[in-house]
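The values are calculated or read from the model by the stated rules, or taken from the named source; none is laboratory data. Model, not experiment: these values are computed from the prediction. Cβ placement follows ideal geometry from the backbone for every residue including glycine, while neighbour counts extend to all protein chains displayed. To get the accessible areas, we keep the full protein, side chains included, count just its heavy atoms, and leave off ligands, DNA and RNA. Shrake-Rupley method; radii C 1.70, N 1.55, O 1.52, S 1.80 Å.
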Amino acid sequence: MLEIKPFVTLVGAGPGDADLITLKGIKAIKAANVILYDALVNAELLDYAKPSCTKIYVGKRAERLSTSQDQINKLLVDYALTHGHVVRLKGGDPFVFGRGGEELEFVHQYGIPTAVIPGISSSIGLTGLQQIPLTHRGVSESFWVITGSTSDGRLSDDLYTAVRTAATIVVLMGFSKLKQIVALYQENGRGDLPIALIQNGSLVNERIALGTINTILEEADKNLLGVPAIIVLGEVVAKHQRFEAIKSELQDIEA
């Protein structure tokens with residue numbers, strides 16, 4: 001009888017497009033005995049798993065019934081002890097609002113060795129694919145990645161600080177708070193700030209809305225945007241190839 005060697009690997013699957021996972025991530029999937037995967041993971045990646053691999057969906061989506069984090073933590077340990085190598089396949093990067101740190105802490109309590117394979121976060125990947133530079137000389141010296149709301153449903157306190165900076169702000173899991181974010185920026189006199197919304201980024205059903213704080217709600221409705229979507233705020237959004245056309249439309253309306 002083969003000795004079971006428990007091991008857990010956190011793998012970042014990237015922002016959606018299956019081609020955006022790392023080669024090291026694919027190797028881990030191929031070696032896994034069990035894969036616990038999230039809702040935003042491209043199902044094509046599961047095709048790399050060996051036939052004997054057990055695949056378990058533990059998806060979590062905003063405003064939908066999902067597997068609790070406590071359940072996921074327990075599954076990681078249970079399957080590692082009974083099956084050996086477990087891959088926790090997570091959308092984006094495991095350590096960017098992916099609760100990867102919490103999962104490692106729980107697994108380490110049982111003395112199980114772990115590894116982390118980073119993934120492309122949607123905050124970096126989707127802006128890059130849209131050719132929106134997060135930093136740009138003379139425009140933005142830094143970028144911040146902020147969660148849209150706290151665990152108790154409030155708008156993140158960091159957004160009240162972010163509204164006063166010239167940094168590029170990327171808001172993850174914040175689409176449901178878009179009206180509140182728009183109101184916050186308007187209250188601080190930033191209604192003309194460029195903003196982008198990217199839904200299902202990197203996938204064939206991707207949608208994007210571009211505008212300013214004052215126009216983005218209308219643009220979101222016009223383009224039928226919904227979750228999952230990221231929000232990008234900052235002057236760098238004006239570097240998008242389509243923004244000049246939108247800017248001209250706005251000037252014509254104001255005239």
Per residue, the convex hull enclosing the alpha carbons of segment 48-164 has a volume in Å³ of 163 Å³
Counting only protein heavy atoms with a 1.4 Å probe and every protein chain in place, the carbon and sulfur fraction of the accessible surface of segment 122-254 in whole percent equals 48 percent
From the Cα centre of segment 6-33 to that of segment 154-230, the distance in Å is 30 Å
Summing -39500 (n - 2.57) over every DSSP H run of at least 4 in the chain, dividing by its residue total and rounding to the nearest 500, the 222 nm mean residue ellipticity is -8500 deg cm²/dmol
GNM of the chain, Cα pairs under 10 angstrom: of Ser149, Ser121, Ser68, the biggest fluctuation goes to Ser68
Per residue, accessible area of the chain with a 1.4 Å probe, heavy atoms of protein chains only, in Å², comes to 52 Å²
Net charge near Leu76 (other residues with Cβ under 12 Å of its Cβ; Lys, Arg +1; Asp, Glu -1) is -1
Rounded to the nearest 5, the percent of DSSP beta bridges in the chain running antiparallel is 45 percent
Ratio for segment 7-117, C-alpha Rg to 2.2 N^0.38 Å, reads 0.96
Rg (one decimal) and Dmax (whole number) from the Cα set of segment 124-255, in Å, equal 13.8, 44
Rounded to two decimals, the Debye log10 I(q)/I(0) of the chain (Cα scatterers, no solvent) at q = 0.10, 0.13 Å⁻¹ is -0.54, -0.83
Most packed first (mean Cβ within 10 Å per residue), the peptides 49-56, 189-196 order as 189-196, 49-56
